[in-house]
1. Please work out which residue is modelled with the highest pLDDT, limiting yourself to the range 17-36 and to residues that are in a helix (DSSP H, G or I) and over 13 Å from the mean Cα position of the chain (by Cα).
2. Name every residue in the range 44-57 that is of a type in the set (V, I, T) and over 13 Å from R31 (Cα atoms), in order of residue number.
3. Show the residue pairs meeting these rules: Cβ distance below 8 Å; 6+ apart or different chains; first residue within the range 56-75 and of a type outside the set (A, V, I, L, M); second residue at pLDDT below 75.
4. Residues in the range 56-77: is at least one aromatic (F, W, Y), within 15 Å of the chain's Cα centre (by Cα) and either assigned to a helix (DSSP H, G or I) or modelled with pLDDT of 70 or more (or both)?
Amino acid sequence: MERGIFVALDQNQLPERKLLMSDSAPSDLVRVTALLEVAEFSPTPEQKAEILDAYPHVREMLARLKRDYGFSDEPAHVFTPLKF
């Protein structure tokens, strides 16, 4: 997901602080802004604040995904019923 994207932010591009109710770090704001720009998505300040609030939860979900599958592994081929 991260590709080393650097975005110069103008203070006028940032949503108002009162809209940000999450515990998101300032780096999350930069990362989310960069991802939105790469996707060519221009949300309203309210939508951007909502996306920023959801971002820590998305990060947590992504961290739970198993990523150590082999190149030739398909989900049906890695199921081991004895593990359950």
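The values are calculated or read from the model by the stated rules, or taken from the named source; none is laboratory data. Bear in mind the structure is a predicted one, so any value in this text is a computation, not a measurement. Positions of Cβ are generated from backbone atoms using ideal geometry, with glycine treated the same way; all protein chains shown enter the neighbour counts.
1. P26
2. Once the filter is applied, which keeps residues that are of a type in the set (V, I, T) and over 13 Å from R31 (Cα atoms), the range 44-57 yields only T44.
3. From residues that are of a type outside the set (A, V, I, L, M), the pairs are P56/S22; P56/D23; P56/S24; Y69/V78.
4. no
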